[in-house]
Amino acid sequence: MWWNRALNDNFLKIRSALLIAFLLSVFAFLLPFPASGRDLAPLDTIAVAELPPEARQTLAAIERGGPFPYPKDGVVFGNYEKILPLHKRGYYREYTVRTPYARNRGAKRIIAGGEPAHEFFYTSDHYASFRRIEK
């Protein structure tokens, strides 16, 4: 009968669509993907002497344990961009680098990793890129 053929055609279309969706999801799952942005390109480095004077002042304040001029200095940095090496939450802390003539905290930060801090990263573009600070 004609309705059996129509039902059978719809069933085949649905079954084919589900099979294609399943195969695409399996294929997407098997594709290699980087665990972090660092896998795509290693971080550049910057020597302490190459940092702006304000960043060197912030780094010195971190190493001596403060005081810090901004209330948010020392808060946990979440590394949501996944550009820095992956660690458990709380490993990284962020500190503001004073930006001359800025009315707010500006975009420059130093990120300190470890407790006590033993690795440091500088960003001048509010977390879009980082450079490892070499001492």
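The values are calculated or read from the model by the stated rules, or taken from the named source; none is laboratory data. Only a predicted model underlies this, so the values are computations on that prediction, with no experimental measurement involved. All Cβ positions, glycine included, derive from the backbone under ideal geometry; neighbour counts span all protein chains shown. Just the protein is used for accessible areas: all its heavy atoms, side chains included, with ligands, DNA and RNA removed. Shrake-Rupley method; radii C 1.70, N 1.55, O 1.52, S 1.80 Å.
Specify the residue that is surrounded by the fewest Cβ atoms within 10 Å (Cβ to Cβ); the eligible residues are those in the range 105-135 that are closer than 19 Å to ALA47 by Cβ and basic (Lys, Arg).
Among those residues, the one meeting the criterion is LYS135.
How about the range 52-62: which of its residues are in contact (Cβ under 8 Å) with a residue 24 or more places away in the chain and either open to solvent by less than 20 Å² (accessible area, probe 1.4 Å) or assigned to a helix (DSSP H, G or I) (or both)? First the steps, then the outcome.
Our first condition is that a residue be in contact (Cβ under 8 Å) with a residue 24 or more places away in the chain; within the range 52-62, this holds for 52, 54-55, 57-59, 61-62.
Result: GLU54, ALA55, GLN57, THR58, LEU59, ALA61, ILE62.
Out of the residues in the range 92-104 that are in a loop (DSSP other than H, G, I, E, B) and touching a residue at least 24 places away in the same chain (Cβ under 8 Å), which is surrounded by the most Cβ atoms within 10 Å (Cβ to Cβ)? Break it down stepwise before answering.
Taking the range 92-104 first, the residues in a loop (DSSP other than H, G, I, E, B) are 97-104.
Narrowing the set further to residues that are touching a residue at least 24 places away in the same chain (Cβ under 8 Å) leaves 97-100.
Values: VAL97: 23, ARG98: 16, THR99: 15, PRO100: 8.
The selected residue is VAL97.
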